[in-house]
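A short write-up of the structure that comes next.
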Amino acid sequence: MTDYKKYVCTICGHIYDEAEGDPENGVAPGTRWEDVPMEWVCPDCGASKLDFVLEEDISD
Ligand SMILES: [Zn+2]
């Protein structure tokens, strides 16, 4: 059973979904957040991985 998580950009609100990845930027669907390269940046605003937080931590 998969347990994909979502991470939210704290700058622009873009969501990285592990289930979907970011294939347009070289991250295959199903890529875990910890496996996303540090060079990857938010496709919407260019923020680094460090500016993303786990969605569960900010939703009510
Ligand atoms: Zn962003």
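Read-outs throughout are calculated quantities, based only on the coordinates presented, and are distinct from any laboratory measurement. Remember, it's a predicted structure, so these values are computed and weren't measured experimentally.
Quick notes on this structure:
- Here the Karplus curve 6.51 cos²θ - 1.76 cosθ + 1.60, taken at θ = phi - 60°, turns the phi angles of the stretch 20-36 into couplings of 9, x, 8, x, 5, 10, x, 10, 5, x, x, 6, 5, 3, 5, 9, 5 Hz, with x standing for Gly and Pro.
- Rounded if a/c under 1.5, otherwise prolate or oblate - the chain, Cα gyration tensor axes: oblate
- Gained length - Cys12 relative to Ala28, 0.36 nm times residue gap less alpha-carbon distance: 3.5 nm
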